[in-house]
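Since the structure comes first, as structure tokens, the remarks are kept for the end.
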There are 2 protein chains.
Amino acid sequence: MQGIHLISNGRLTEKELDFVARNMELLDFFHLREKKKTAQEIADLADRLMDTDVPRERIIINDRVDVAHVKRCGGAQLAYHSLTIANVKACFPHLLVGKSVHSLAEALDAEQQGADYLLYGHIFPSNSKRGAEPRGVAALAELTRNVSLPVIAIGGIHTSNVHQVLAAGANGIAIMSGIWDAEDPVKALKHYRDVFDKVEGGVV
Amino acid sequence: MQGIHLISNGRLTEKELDFVARNMELLDFFHLREKKKTAQEIADLADRLMDTDVPRERIIINDRVDVAHVKRCGGAQLAYHSLTIANVKACFPHLLVGKSVHSLAEALDAEQQGADYLLYGHIFPSNSKRGAEPRGVAALAELTRNVSLPVIAIGGIHTSNVHQVLAAGANGIAIMSGIWDAEDPVKALKHYRDVFDKVEGGVV
């Protein structure tokens, strides 16, 4: 699960679908996180991505494990309100199961239940979590020291702080507003990719 | 799928859960149709029903095929916004798949896709479909003549019109407000059971 995860913004349009299709070589995973859409709408979005050659194993579906299964996507991302990790791993053993966690205790519980990776945040102040206190990189470092699962950091991650996040032991970064709110999303994504690869490669 | 199907009202409480658990011998199937609840909440409701000895194969889950699968319920009820019947049958072959249809064309399509039964309505004016034109028993009869799947009739079905619905070829009836809005739901359900069994048995 290492790398750059782009999370959809809940109001994915034609334009954004096209952006993902055209730029998948700069991304490692794309998460369809469209909470207000129906199963059929999410399945259609997955179909359209796969029709434009986005590899199905790099598409992660938020919450709707049934959609991930019938569309043979790479995995499902579970939240506190989703089916349990244990249930999903037992009944859909071929799916990668990610769990969204907000504390070390939740991370340890998810690891014990059999999650394949964790999404932890939010790390920095973020537009999508306005008002809530960010966890910070020290808490991220403590978490990565205490779990053996891959940890993807989320929340307020910009090219200027990618090095901090990876130095704290994260295996990947998840981005939302850093791309969707960018004036030039392609340029922004290229910049993320460039910085991520340089830090991972030990250049920075 | 023959018999009496009770559909949850979207705001299932402790009291109603208890009602189902205590009266399952009067019902053939119970549908968890709680559209605003999360996967975890629906799974918890299914667990609680099974904890009170409601047979899992007589529990049908609306839309959330993943919940039906992990909780090993009898089936899943699909609507126009759900995953396709073909996808669900291919990937969850052990689940009974019901489709909610509103016309003969939709019924024929559902049959061709491999549905196990149809839920058709609304037949009579109904509190939950106020304003929309009911389909009527003539259309029900036309539908049952043209499909070979079991058809469960829904919408405004009362003890006074059960005989019309079954005479039109329906294999079962689905009830919502006839129970949930009844002054004495146990008495109402007993009355439905009595009438249904008498009509089916050729007594009436």
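The values are calculated or read from the model by the stated rules, or taken from the named source; none is laboratory data. From a predicted model like this one, the values you see are computed outputs, not experimental measurements. Because the Cβ atoms are built from the backbone with ideal geometry, glycine has one as well, and the counts that use them run over all protein chains shown. Please note that ligands, DNA and RNA were not included when accessible areas were found on the heavy atoms of the full protein model with its side chains. Shrake-Rupley method; radii C 1.70, N 1.55, O 1.52, S 1.80 Å.
For chain A, what is the mean residue ellipticity at 222 nm derived from helices alone (per DSSP H run of n ≥ 4: -39500 (n - 2.57); sum divided by total residues; nearest 500 deg cm²/dmol)? Provide the component values of the computation, followed by the final result.
Numbers: 9 runs with 83 residues, N = 204.
That calculation yields -11500 deg cm²/dmol at 222 nm.
Taking amide H positions as modeled 1.01 Å from N, with prolines and chain starts lacking one, the residues under 5 Å from A:Leu119 and 5 or more places away or on another chain are A:Lys99, A:Ser100, A:Val101, A:Ile152.
If contacts are Cα pairs under 8 angstrom and at least 6 residues apart, what is the relative contact order of chain B in percent? List each step's numbers first, then the result.
Details: 367 pairs, mean separation 38.1, N = 204.
Computed over chain B, the figure is 19 percent.
The alpha carbon radius of gyration of the range B:3-200, expressed as a multiple of 2.2 N^0.38 Å, is 0.96.
In the protein assembly as shown, the portion of solvent-accessible area held by carbon and sulfur atoms comes to 49 percent [1.4 Å probe, whole percent, DNA, RNA and ligands not counted]. Rounded to the nearest 20 debye, the dipole magnitude of the range B:3-200 is 240 debye, with +1 charges on Lys and Arg beta carbons, -1 on Asp and Glu beta carbons, and the Cα centre as origin.
Straight-line cross-link partners of B:Lys35 among the aspartates and glutamates, defined as a Cα under 18 Å from its Cα and at least 8 positions apart when in the same chain: A:Glu34, A:Glu41, A:Asp63, A:Asp66, B:Glu14, B:Glu16, B:Asp44, B:Asp47, B:Asp63, B:Asp66.
For A:Lys35 and A:Val186, the difference between the fully extended length at 0.36 nm per residue and the C-alpha to C-alpha distance is 51.9 nm.
In summary, the lysines within cross-link reach of A:Lys198, defined as a Cα separation below 23 angstrom excluding same-chain residues under 8 places away, comprise A:Lys187, A:Lys190. Restricting attention to the range B:82-204, close to 0% of DSSP beta bridges with both partner residues there are antiparallel. Given bins 5 angstrom wide, list per bin the percent of all Cα-Cα distances in the range A:1-114, short to long. With a bin width of 5 Å, the distribution comes to 2, 12, 24, 24, 20, 11, 6, 2, 0.
Distance between the pseudo-spin-label points of A:Ala167 and A:Lys198 (7 Å out from Cα toward the beta carbon): 1.5 nm. Backbone amide hydrogens, once placed in the peptide plane, bring B:Ile175 within less than 5 Å of B:His5, B:Leu6, B:Ile7, excluding anything fewer than 5 places away on its chain.
Across the range A:75-82, computed HN-Hα scalar couplings (Karplus, 6.51 cos²θ - 1.76 cosθ + 1.60, θ = phi - 60°) run x, 10, 9, 9, 10, 4, 8, 8 Hz from first to last residue, x flagging Gly and Pro.
Using θ = phi - 60° in the Karplus curve 6.51 cos²θ - 1.76 cosθ + 1.60, the 3J(HN,Hα) couplings for the range B:42-49 round to 5, 4, 5, 4, 4, 4, 5, 5 Hz; x is entered for Gly and Pro. Rounded to the nearest whole Hz, the Karplus-based 3J(HN,Hα) values (6.51 cos²θ - 1.76 cosθ + 1.60, θ = phi - 60°) of the range B:93-98 follow the sequence x, 7, 8, 6, 10, x, with x at glycine and proline.
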